[in-house]
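The structure under discussion appears below in the form of structure tokens.
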Amino acid sequence: MSEEPIKVFVVDDDALSRMIIVDEISDHDFIITEFEDGQQCLNAMDQAPDIILMDVEMPIMNGHTTCRTIKEKTQETVVMFISSHDTIDEKLAGYDAGGSDYIIKPIQSTEIKQKLNIAIKNIELRKNKPTEAPSSIKTTVVAISNANEQDIILDFMRRSALTKSIQQLAELIVEALKGFDLLYTTVQIRSSGDTVSCNSLGSASPLEIELLDKLQSTGQVQEHRHRLVTNSGGISLLIQNMSKDDGKRGQVQEHLALLLEGAEARLASLETNKK
Amino acid sequence: MLPVNDKNTSEPIESSGAAVIDRVALRERFLNRDDFIKKIARIALSSLDKYSVILQQAEKDKNIEQVTFSTHTLKGISGNISATIVEDCAAEIEALSRDNDPLAYEKVPYLFSLLKQLKNEIKEILNT
């Protein structure tokens with residue numbers, strides 16, 4: 001654990017909900033501050049909270065808008081939405097807004113504690129993470145990010161052959177996609193009992209993992225505005241910032257298909273080696 | 001389905017009279033901490049009053065957005081105090097109002113009758 005206590009904001013217009021949330025998390029050594037709406041929370045962001053537990057539906061400024069505004073300024077704060085709507089659409093909307101997790105109302109003690117522990121663990125990992133020396137596998141892909149797109153795919157194919165684990169393969173996919181200006185992507189690879197999920201910042205958030213788990217069986221490609229979900233064999237991608245330009249989007253999708261084909265081949269080979 | 005006021009007025013429809021708070025579930029949820037339950041009950045009572053007024057005004061003004069907002073919050077409060085019947089009723093009106101269905105207004109009187117009973121039961125908790 002780091003020495004500084006974790007700072008938590010609880011944002012909900014309903015005083016009763018706030019009281020119950022605060023009671024549930026009070027056995028942790030947190031510095032807790034309560035707010036009645038999103039605007040109040042934004043006004044206090046200079047306190048640099050580590051975690052925000054935020055209701056979705058609030059007057060003045062709702063949770064999604066508040067989260068979007070926060071994420072424009074910092075990626076350091078973990079936003080966990082609290083809502084009574086337990087639907088995939090609601091969760092996708094929370095993901096699009098930049099949320100890391102979703103807690104369903106009425107709050108269950110075990111669930112909130114479990115999810116907070118995951119968030120704290122990720123925060124600690126991030127805070128204590130040493131400056132990473134770039135791995136030879138990743139660096140080349142980034143270095144050629146200005147090269148033409150076919151070169152990126154070819155380079156990916158070459159580098160993927162050097163990967164020794166599905167974790168490395170997942171990280172390589174994330175890095176390669178940066179070459180197509182897909183700066184924030186989440187990858188999930190499922191391989192004989194093992195599942196690995198990571199994103200452009202490192203570990204995938206619980207909300208990203210939940211969405212990829214749920215969306216893996218719903219079709220090969222699903223597009224919604226700037227978001228794309230693609231499933232290919234044991235590999236799923238959740239891409240946040242697809243181009244608005246139809247032509248460019250189509251081109252990127254073609255490259256994605258090629259890249260995934262290569263990734264699947266490597267995954268099959270890794271599985272064979274494992275056996 | 002919830003009862004609908006045939007006269008299409010704001011006259012309250014009486015609820016069945018059965019308890020709306022599941023006291024066993026409530027005590028279980030908050031680990032039999034009676035002092036904390038009383039604290040919750042006090043806040044719930046004041047929040048129910050606040051959002052009932054908003055709902056009443058929304059119904060009068062035929063303001064569907066405010067019906068959605070107030071029933072959403074009333075749903076949350078009832079859920080937190082283990083009053084599932086009230087929570088379900090508020091949820092149904094919330095869903096109707098999100099679909100812009102005028103039936104939402106017709107169901108509001110029944111919700112008010114449940115809320116009245118809920119407040120009485122909360123007062124009982126506070127007096128024990």
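What do you reckon, is A:ILE20 within 14 Å of chain B (Cβ to nearest Cβ) and crowded, with 17+ Cβ neighbours inside 10 Å? It is true that A:ILE20 is within 14 Å of chain B (Cβ to nearest Cβ) and crowded, with 17+ Cβ neighbours inside 10 Å. The condition (being touching a Gly at 6+ places or on another chain (Cβ under 7 Å) and at pLDDT below 90) is satisfied by just one residue among A:SER160, A:SER145: A:SER145. Selection of segment A:196-222 for residues being more than 17 Å from the chain's Cα centre (by Cα) and among the charged types (D, E, K, R) yields an empty set. Which one is nearest to A:ASP96 (Cα to Cα) among residues in segment A:202-234 that are β-branched (Val, Ile, Thr) and touching a Ser or Thr at 6+ places or on another chain (Cβ under 8 Å)? For segment A:202-234, the residue satisfying everything is A:VAL229. Scanning segment A:52-106 for residues being closer than 20 Å to B:THR71 by Cβ and of a type in the set (S, T, N, Q) gives a total of 4.
Please work out if A:LEU207 is in contact (Cβ under 8 Å) with a residue 60 or more places away in the chain and surrounded by 19 or more Cβ atoms within 10 Å (Cβ to Cβ). Talk me through it step by step, then tell me what you get.
On the way: in contact (Cβ under 8 Å) with a residue 60 or more places away in the chain: yes; surrounded by 19 or more Cβ atoms within 10 Å (Cβ to Cβ): yes.
Yes: the conditions hold for A:LEU207.
Pairs linking a residue in segment A:156-177 that is over 10 Å from A:ALA263 (Cα atoms) to a residue that is of a type in the set (Phe, Trp, Tyr) and assigned to a helix (DSSP H, G or I), with Cβ atoms under 8 Å and 6 or more positions apart or on different chains, are A:ALA176/A:PHE156.
Taking B:ILE21 as the residue in question, decide whether it is in a helix (DSSP H, G or I) and either farther than 24 Å from A:ILE103 by Cα or open to solvent by less than 80 Å² (accessible area, probe 1.4 Å) (or both). Here the answer is no, as B:ILE21 does not meet what is asked. Against the numbered list (1) among the hydroxyl-bearing types (Ser, Thr, Tyr); (2) closer than 23 Å to A:ILE104 by Cα; (3) under 14 Å from the mean Cα position of the chain (by Cα), B:SER52 comes up short only at (2).
Scanning segment A:231-241 for residues that are under 16 Å from the mean Cα position of the chain (by Cα) and open to solvent by 10 Å² or more (accessible area, probe 1.4 Å) gives A:GLN240, A:ASN241.
Within segment A:25-35, being under 23 Å from A:HIS64 (Cα atoms) and either of a type in the set (Gly, Ala, Ser) or at pLDDT below 95 (or both) holds for one residue alone: A:ILE25. Listed by position, the helices (runs of 4 or more DSSP H) enclosed by segment B:33-128 that each have at least 3 residues that are within 12 Å of chain A (Cβ to nearest Cβ), surrounded by 14 or more Cβ atoms within 10 Å (Cβ to Cβ) and polar (S, T, N, Q) are B:64-80.
The values are calculated or read from the model by the stated rules, or taken from the named source; none is laboratory data. Worth saying up front: this structure is predicted, and the values here are computed from it rather than measured. For neighbour counting, all protein chains shown are included, and Cβ atoms are generated from backbone atoms with ideal geometry for every residue, glycine included. Remember, those area values only see protein heavy atoms, side chains included, never the ligands or the DNA or RNA. Shrake-Rupley method; radii C 1.70, N 1.55, O 1.52, S 1.80 Å.
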